[in-house]
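The block underneath contains the structure these notes are about, expressed in structure tokens.
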Amino acid sequence: MQGFLLGLANGTTCLAFCAPVLVPFLLEEGKNVRQNLMTVLKFLGGRLGGYMLFGLLAWATGSLLLRATSYQGLVIGAAYVGLSALLLVAVLRKKAPAGACAFEGARATFSRWPALIPLGMGFLAGLKVCPPLLLAFTDAASTGTLIGSLFVFLMFFVGTSIYFIPLSFLGAFAHVSDLRIVGKFAAVIVALYYLFSGVLLFTGGVRL
Amino acid sequence: MTASTKTRTGSPPMAIWKALLLSLPMFLITALLPLQALESGELSYIVAILVMWLGFNVAFILMLTTGQTYRYRSVLFILLAVALPLWFIPMMIETHGSMMLSEEAFVSAEANFCPLATFMVIVPALVKRIVIFPSALAGGLGFATAAFMWAGSTLALGRGWCSWGCLFGGWDELFSRLRKRAVIKNIDRRWIYLPFGLLLAIVLLSAVTLQPIYCGWLCPSRSSPSFKHLRRSWPLYRSSPLSCCSLPWWSCYPC
């Protein structure tokens with residue numbers, strides 16, 4: 001219950017962390033409310049995967065992981081770079097020029113499993129270590145059991161996920177085709193920001 | 001006479017005595033500037049003010065006598081835009097030791113008030129008596145001065161500001177005059193949505209970082225406080241030449 005309340009109290013922070021990725025992506029996709037809800041659920045599924053990984057680590061390492069601050073930079077940096085790559089692929093895959101090798105493989109993979117993009121983005125966004133997540137991590141580590149640790153993160157996930165559902169209503173504007181272009185531009189800018197921040201974090205250049 | 005010919009030729013030329021007579025009130029009112037400068041006793045300052053005073057007044061007389069308003073307006077406009085960073089950057093360095101504000105200046109609210117932020121800050125200042133900016137309420141380039149300048153220039157100049165005073169417009173003017181014809185033609189119409197995409201990205205990223213992303217990463221005037229980590233993360237951009245190079249781009253897109 002504590003994990004759920006923690007999630008409920010800090011869900012807006014999680015939404016703020018994920019919105020830069022999710023909002024441009026949903027706008028760019030230009031789907032209706034129902035389809036958007038499915039995309040959000042896939043994204044949340046990815047996030048759940050990230051949280052379960054944290055739950056596992058909290059059980060396995062206790063609070064040791066929280067002290068390894070240098071590794072946090074590596075993990076978040078790598079997650080940012082991955083997030084940026086996924087966002088760029090998501091936006092540019094439909095218009096990739098013929099023979100663009102980097103996109104050929106990605107395009108084939110993602111057209112076979114289109115759910116991979118929101119799932120992957122959700123997973124990578126879930127790896128972002130934010131203050132509420134650290135609190136959940138401490139709670140999970142203090143349970144001492146694997147089931148208890150995973151349960152804390154599961155409830156934390158449920159508490160935070162409530163705030164994501166309204167994003168589906170962006171689909172109400174799906175008929176405004178111009179918004180797709182706006183979403184595409186925003187996605188590229190956000191992707192570049194994450195790429196820049198990710199590289200800096202990964203190389204230990206700066207703490208963002 | 002067609003509309004295009006009228007624009008190109010400007011107003012009909014005026015006799016010199018008429019132009020001098022018409023310029024006299026402006027000549028006398030603006031003479032307050034060099035008179036004030038004389039009191040300072042600094043030779044370089046006096047010379048600079050005198051040159052500026054004469055330059056503006058001579059340009060005005062030339063506009064009247066030749067009818068070529070656009071030509072002289074353009075020269076003044078470009079000169080202002082180019083000269084502003086030359087004044088602003090040393091002023092920042094002299095006042096704060098660098099183009100960026102130190103954390104001490106930030107905490108002690110010694111920043112010059114950002115003219116772009118004035119309007120947004122007025123409402124919480126009036127309603128909650130909180131100025132959301134690390135700047136003094138009064139004195140120097142504080143909130144009161146910025147608000148007064150903003151309201152005054154809006155009422156007195158209106159859109160005239162954009163073609164006579166705005167430094168971003170001046171840089172636009174300079175670059176648009178470098179060649180007679182556009183180098184890049186047939187630009188995809190979708191690029192007109194870039195400012196909206198940029199706005200959306202700025203809003204979302206500001207929400208994540210809880211920092212003024214626009215002020216830290218995009219604003220070329222650098223009148224807002226800079227944050228320590230941004231200073232570390234993008235030192236090249238934040239140096240003056242690159243910052244100045246971003247001006248034409250800035251006026252096209254985020255402005």
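Of the set (1) at pLDDT below 85; (2) within 14 Å of chain B (Cβ to nearest Cβ); (3) open to solvent by 60 Å² or more (accessible area, probe 1.4 Å), all apply to A:F196 but (1). Only one of the listed residues (B:G170, B:G197, B:G165, B:G160) is of a type outside the set (A, V, I, L, M, F, W, C) and closer than 12 Å to A:G183 by Cα. That residue is B:G197. The residues listed here are A:G159, A:G144; of these, the one that is away from chain B (no Cβ under 14 Å), open to solvent by less than 60 Å² (accessible area, probe 1.4 Å) and modelled with pLDDT of 80 or more is A:G159.
Counting only helices (runs of 4 or more DSSP H) wholly contained in the stretch B:6-76, the ones carrying 3 or more residues that are out of contact with any Asp or Glu (no Cβ under 7 Å at 6 or more places or on another chain) and at pLDDT 90 or above occupy B:16-30, B:43-66. Check the stretch B:197-205 and report whether any residue there is surrounded by fewer than 18 Cβ atoms within 10 Å (Cβ to Cβ), within 14 Å of chain A (Cβ to nearest Cβ) and under 23 Å from A:F196 (Cα atoms). There is at least one residue in the stretch B:197-205 that is surrounded by fewer than 18 Cβ atoms within 10 Å (Cβ to Cβ), within 14 Å of chain A (Cβ to nearest Cβ) and under 23 Å from A:F196 (Cα atoms). Here is a check on your reading of the model: is A:G30 open to solvent by 20 Å² or more (accessible area, probe 1.4 Å) and more than 10 Å from every other protein chain (Cβ to nearest Cβ)? The answer is yes for A:G30.
What's the number of the only condition in (1) at pLDDT below 85; (2) open to solvent by less than 50 Å² (accessible area, probe 1.4 Å) that A:F164 fails to meet? (1) is the only condition that A:F164 fails. Of all the numbered requirements in (1) open to solvent by 50 Å² or more (accessible area, probe 1.4 Å); (2) within 13 Å of chain B (Cβ to nearest Cβ); (3) closer than 14 Å to A:M52 by Cα, A:V176 misses one, and that requirement is (3). Taken over the stretch B:152-194, the residue count meeting the criterion of being open to solvent by 40 Å² or more (accessible area, probe 1.4 Å), touching a residue at least 24 places away in the same chain (Cβ under 8 Å) and within 14 Å of chain A (Cβ to nearest Cβ) is 0.
Looking across the stretch A:199-208 at every residue that is open to solvent by less than 60 Å² (accessible area, probe 1.4 Å) and assigned to a helix (DSSP H, G or I), the one that is farthest from the other protein chains (Cβ to nearest Cβ) is identified as A:L201.
The values are calculated or read from the model by the stated rules, or taken from the named source; none is laboratory data. The structure presented is a predicted model; accordingly, all values stated were derived computationally and were not measured. Methodologically, a virtual Cβ is constructed for each residue, glycine included, from the backbone with ideal geometry; neighbour enumeration extends over all protein chains shown. These accessible areas exclude ligands, DNA and RNA; they are computed on the full protein's heavy atoms, side chains included. Shrake-Rupley method; radii C 1.70, N 1.55, O 1.52, S 1.80 Å.
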